[in-house]
Amino acid sequence: MTDVILEKVGKTYPNGYHAIPSVDLTIEEGEFIVLVGPSGCGKSTLLRMVAGLESISTGELRIRSERMNEKEPAERDIAMVFQNYALYPHMSVYDNMAYGLKNRGMPKDQIAEKVSDVAAMLGLTELLQRKPRQLSGGQRQRVAMGRAMVRDPKVFLFDEPLSNLDAKLRVQMRVEIRQLQRKLGTTTLYVTHDQVEAMTLADRLVVLNKGKAEQIGTPMDLYNKPATPFVAAFIGSPSMNLIDANLTEQGIKLSEALTLPLSHQHRGGIVWEFVQSTWK
Amino acid sequence: MIENRPWLTFASHATLFTGIALVALPVWLALVASTHPASAFGVGHIPLWFGDAGAETWGTVLFEKAGNGVDTPVWFMMLNSLIMALGITFGKIAISLLSAYAIVFFRFPFRNLCFWVIFMTLMLPVEVRIVPTYEVVANLDLLNSYTGLTLPLIASATATFLFRQCFLSIPGELVEAARMDGAGPWRFFFDILLPLSRTNIAALFVILFIYGWNQYLWPLLITTDDAYYTLVMSIKRMLSVTDGDIAWNQIMATTLLAMLPPVAVVIGMQKLFVKGLVDSEK
């Protein structure tokens, strides 16, 4: 079942800046989609448009086939984890997690049950009475996730949630996020600039460049069959070498002296042959 | 670095004690003067040690009448002062919180202009606009009333500016998180913004309470009825005796009593006050 549909979604700022020309994306239920791209490519903007924190200038956003363009963030049944966690500093961990439910008018005993369930799942039970400032970075990150999870939203949105953690914790949290997402089966949209994160987490990746989706596909697809030079150069570390060449009848002409014969249709093959001929 | 230089310790302590003595001397003199009978001041020198009329003077001033032409007792004027000071303080805080909230978090046309117009009123304290303000208050029939005492002093550019700075330091993600959590403008204001600016409110409370308590010119101008005399302005009335001796003992007692509430507020809220001005834990 399709869960989230972005149809020709675009964003133009009041000053005329065309941040996102047009993006089409269909997300299946339970899918983990990662938006990746260099900074300034519009990936956060796109996420915030889904969240309702930015208005959508053109196109349509549908969640469970319901048009969402004009809905307030709270009415979209989504939950977001922010880069700086955005925990309410004056509230205890419990209150932080309960606040959204309280605003929705859920009865107190039900809130308590939900929060303690989620806290147990994230290993936060001991910390429920603490204030955010008494927590470490990793614990804050968990609370931020807990706050998103208690609401049982249709869609999780993550905005570079791991970029404030140290390298070791980042890897650990990455695994944990993926496990939780599988367990809950919640559709997830995840923004990152870190390609390792993107490649390891995603069911499908969206590579964005200057507000355009360069390629949408599984990590292996993107790695093996990049659709554009941009994707080819962006994915992989160290990045792929790109060399200008002319396609002639004899083959691929790199220079006057060196022409590679055209033996395969496959682009991956060209790469392979080139590598072989340089090593000879 | 730990230093052990006895002379330095001695010198710094001596300086501090001299400072304390200088600052406290007038208060001490006032306290001593209030314990002598009124006749003690005619002879031309100031007593330095307590006399024996203290209990009588303080009792009269506090519960019967302040004296020197002011017939209301100090406790009653203290109550008036308190109503005025608290009215001004809470009014200022409430109004400036709301205006800062509007300026920082809402997008409306001429937002910046509004801010600068509010800011410009800094140049128009009561003393400058006293004649038109009096006119307005008189036309509204608010002379000799608590509303008349407080209302014209309530608008505050300083507090608005302070709260604006405080709100600007609240990260945008927090506002967005609250929106995602379904908090509307009022919920956000009461659940998030107020608790976060608690220490700033406390710091402003101290400053504004003292400001309100010390109001002198405005109450002097618009109250002619004993029932609305405030403590600070009564001291001025007590001094303007046309014939006969000025009862310095009663004036000193009244003055000291007038000092007590602000001192109590400062001491009581010292911790929060310092925190509100220094701390920015957000």
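Read the figures in this text as sums done on the coordinates, not as results from a lab. On a predicted model such as this, the values are computed, not experimentally measured, just so you know. Methodologically, a virtual Cβ is constructed for each residue, glycine included, from the backbone with ideal geometry; neighbour enumeration extends over all protein chains shown.
Key figures for this structure:
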read-out: Point-to-point label distance, residue A:224-residue B:119, nm (Cα→Cβ direction, 7 Å offset); value: 6.2 nm
read-out: Alpha-carbon gyration tensor eigenvalues x 5, square-rooted, for chain B, Å; value: 42, 29, 15
read-out: Ranked list, fewest to most other Cβ atoms within 10 Å of each Cβ, for B:49, B:75; value: B:49, B:75
read-out: Where GluC sites (Glu not before Pro) fall in DSSP loop in the stretch A:1-88, at most 14 other Cβ within 10 Å; value: A:29, A:70
read-out: Computed FRET value (nearest 0.05) for residue A:210 with residue B:105, which takes r as the C-beta separation and R₀ as 22 Å; value: 0.10
read-out: Calculated FRET efficiency for the pair residue A:249/residue A:183, C-beta based, R₀ 41 Å, to 0.05; value: 0.15
read-out: Prolate/oblate/rounded call for the protein assembly as shown, Cα gyration tensor, a/c under 1.5 rounded; value: prolate
read-out: Rg over Rh, two decimals, the stretch A:148-270 (C-alpha only, Kirkwood Rh); value: 1.12
read-out: Expected 222 nm ellipticity per residue - DSSP helices of 4 or more, -39500 (n - 2.57), all of the protein assembly as shown, to 500; value: -15500 deg cm²/dmol
read-out: Gaussian network model of chain A, Cα within-10 Å springs - most flexible of A:53, A:189, A:222; value: A:53
read-out: Packing-based order for B:135-148, B:173-186, using average beta carbon neighbours within 10 Å, highest first; value: B:173-186, B:135-148
read-out: Contact order normalised by residue count of the stretch A:8-92, Cα under 8 Å, 6+ apart, percent; value: 25 percent
read-out: Cα centroid separation, the stretch A:71-128 to the stretch B:135-212 (Å); value: 29 Å
read-out: Sorted by Cβ density within 10 Å, fewest first, the residues A:130, A:67; value: A:67, A:130
read-out: Inter-label distance for residue B:226 and residue B:245, nm, one decimal - labels placed 7 Å from Cα along Cα-to-Cβ; value: 2.4 nm
read-out: Relative contact order (percent, whole number), chain B, Cα cutoff 8 Å, 6+ residue spacing; value: 30 percent
read-out: Residue A:130/residue A:70 FRET efficiency (R0 45 Å; Cβ-Cβ; nearest 0.05); value: 0.70
read-out: Label-point separation in nm, residue B:263 to residue B:63, each point 7 Å along Cα→Cβ; value: 2.2 nm
